[in-house]
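Before any comments, here is the structure.
None of the figures in this text is laboratory data; all of them are computed from the coordinates on show. Predicted model only: the values in this text are computed from it and were never measured. Virtual Cβ from ideal backbone geometry, glycine too; neighbours counted across all protein chains shown.
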Amino acid sequence: MIVNRLETDKIRGIKAACACLFSEAAATNDQFLETLSVDMVKRAYRRNARVHHPDMKTGTDVKDVTSERFLAIQQSYEVLVNYLEDMNPANDAILSHGKIIAVGGAKGGIGKSVITANLGIYLASRGLKTVLVDLDLGGSNLHLYLGYRSILQSTINDFLKKRVNSLADVMIQSPHGPILVGGDSSELGSANIDFMKKMKLIKAINAIEADCVVLDLGGDTSYNILDFFLQADHGIVVTTRDSASYIGAYHFLKAAMYRKLNRLTGMESRAGEEKNTMLERYIRESTMSEDGHGAKTVNELVASIREDHPQYLSAVMKAVWGFNPYLVVNRVPHGIGPEEVAGKIQNVARRWLAREVKLLGGIGRHPDVERSAIDLVPAIIRYPRGAFATEIAAIANRLIKTV
Ligand SMILES: Nc1ncnc2c1ncn2[C@@H]1O[C@H](COP(=O)(O)OP(=O)(O)OP(=O)(O)O)[C@@H](O)[C@H]1O
Ligand SMILES: [Mg+2]
């Protein structure tokens, strides 16, 4: 029943996107969808964007209408490209624009570390130089999922506490393929890193020479975790079917988007924008009310920026569009599709964040995985042809260029 409603919502969204980028006639013609290609969508997007980009217009009234229309064009483009890529996953090649993948989610125990470890093993088995970094500084255990039984000889703490000069000095070649930068949260204070240490760590991670770098994050929405997530090229938010988990996943997405908007300028801005105190204050007041209520949706924020500070509209819209996290639904019970859980998060994200959050895949509930947490042999190694390994491979293959 729910799946049917989601399907209907999805189809309605796809038709609306066709009407926006092409025409009403195209939207009502079923054969049009069958012949639609990513190239056609890209061409239509460029055609529309040329006409409706806010920077192409002068005059406030015209600009207002234009930027609203441009936002709709952008969203329609994403809806259609996501739809076509889902139909033909071989088109996915996201690692062609960045190697750092962060695995996050707002709750503990939902499988972030299991997924990071096994994804890393799979990527390494495909011949990609893969580095896994345990950034769950207060609860490091990624090394266990890679088969290490005891505390590591050298960890990320040695780098943060300046006992070594570079992250390369604490890298360990793990037995199953990926290189590990492990953690040790038994060391007092390891979770509490200050701003300068965080920036140093982010810089060092960006400089790692590898094909893929996968970051295992802690299970909350603290600023440090959000910042690691936002600095990655690709963010994966893990959720399960539990209400607490998917509500947490949505809160994580919202917190990350608002953190991104609050770090649009200054040292932490990814685009290296010069600090702009006035814009920062404006966004802070719009997104972080004292009692946690009354924050604007992203569409409302865009509309008010357009009204009050049109000169910053492009920068804000660029930041919004640059926020493209993925979802992985873990421990999906037998007989249920990951789309059901993903659909709930996607609907709220669409309404509040004006973003299409793409489902990267689902992972079932597997006794093999539970066992691997006890005997410390990664499930993908023990059962390379098992259902879990197949699901991890499908997720990984949507992340890398299919050869
Ligand atoms: N698909 C699955 N099937 C069965 N068990 C699973 C699955 N995914 C994870 N688990 C189990 O859930 C437990 C928690 O997993 P994991 O440590 O990866 O969670 P986490 O999100 O990293 O938690 P934390 O934030 O506390 O680090 C592990 O014991 C693991 O074996
Ligand atoms: Mg973990």
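With +1 on each Lys and Arg Cβ and -1 on each Asp and Glu Cβ, and nothing else charged, work out how big the dipole of the chain is about its Cα centre, in Debye to the nearest 20.
On the way: 49 positive and 45 negative charges, 81 e Å.
Dipole size: approximately 380 debye.
Out of Gly127, Gly219, Gly138, any idea which swings most in a Gaussian network model of the chain, alpha carbons joined below 10 Å?
Gly127
Considering only Arg259, Arg355, Arg69, give the residue with the highest GNM mean-square fluctuation for the chain, with springs between Cα atoms whenever their separation is below 10 Å.
Looking only at Arg259, Arg355, Arg69, the largest GNM fluctuation is found for Arg69.
Would you please report the Å³ per residue occupied by the convex hull of the alpha carbon atoms in the chain?
Working: hull volume 61.3 nm³, N = 403.
Output value, Cα hull per residue: 152 Å³.
Working from Cα positions, state the angle (0 to 90°, nearest 10) between the long axis of helix 387-399 and the longest principal axis of the chain.
So the helix axis and the longest Cα principal axis differ by about 50 degrees.
Quick one: angle between helix 38-52 and the longest Cα principal axis of the chain, in degrees between 0 and 90, rounded to 10, please.
Computed tilt is about 50 degrees.
Which longest run of the chain has no exposed loop site in it, a site being GluC sites (Glu not before Pro) in a DSSP loop with at most 12 other beta carbons within 10 Å, and the site itself not part of the run? Spell out each step's value before the answer.
Values: sites that count: Glu209, Glu274, Glu290.
Between exposed loop sites, the widest span is 1-208.
In terms of Cα to Cα distance under 19 Å, which lysines are near enough to Lys296, apart from those fewer than 8 places away along the same chain?
In chain and number order, the partners are Lys254, Lys260, Lys318.
Quick one: compute the contact order of segment 289-389, relative version, from alpha carbon pairs under 8 angstrom and 6+ residues apart, as a percent.
On the way: 97 pairs, mean separation 25.2, N = 101.
After rounding, I find 25 percent.
Across segment 124-137, in residue order, what do the Karplus-derived ³J(HN,Hα) couplings come to in whole Hz, using 6.51 cos²θ - 1.76 cosθ + 1.60 with θ = phi - 60° and x for Gly and Pro?
Listing the rounded values in order: 5, 5, 7, x, 8, 5, 10, 10, 9, 10, 7, 9, 7, 5 Hz.
Give me Tyr83, Tyr148 ranked fewest to most by other Cβ atoms within 10 Å of their Cβ, as a rough exposure proxy.
Ranked by crowding around the Cβ, least crowded first: Tyr148, Tyr83.
Below 23 Å, Cα to Cα, which lysines can Lys15 reach? Residues fewer than 8 away in the same chain don't count.
Lys42, Lys344, Lys358
As I understand it, the value is the acute angle between the Cα axis of helix 243-262 and the longest principal axis of the Cα atoms of the chain; what does it come to in degrees, rounded to 10?
Once rounded, one gets 70 degrees.
How large is ³J(HN,Hα), in whole Hz, for each residue of segment 304-312 in order, when computed from phi with the Karplus curve 6.51 cos²θ - 1.76 cosθ + 1.60 and θ = phi - 60°, using x for Gly and Pro?
Karplus values, whole Hz, x for Gly and Pro: 6, 5, 4, 6, 8, 9, x, 5, 9.
What residues have an amide H closer than 5 Å to that of Ile100, excluding those fewer than 5 places away on the same chain, when H is modeled at 1.01 Å from N in the peptide plane?
It is Val213, Asp233, His234, by chain and number.
Whose amide H sits under 5 Å from the amide H of Ile363, counting only residues 5 or more places off or on another chain, with H placed in the peptide plane?
Counting only residues 5 or more places away or on other chains, the set is Val329, Asn330, Arg331, Val332.
Return a whole-number percent for the relative contact order of the chain, with Cα pairs under 8 Å and 6 or more residues apart as the contact set.
19 percent
Using modelled backbone amide H atoms (1.01 Å from N, in-plane), which distant-in-sequence or interchain residues come within less than 5 Å of Val238's amide H?
Under 5 Å from the amide H of Val238: Gly104, Gly105, Val328.
What ³J(HN,Hα) values, in whole Hz, does the Karplus curve 6.51 cos²θ - 1.76 cosθ + 1.60 give for segment 67-82 when θ = phi - 60°, with x put for Gly and Pro?
Values, residue by residue: 6, 5, 5, 5, 4, 5, 5, 4, 5, 5, 4, 5, 4, 6, 5, 4 Hz.
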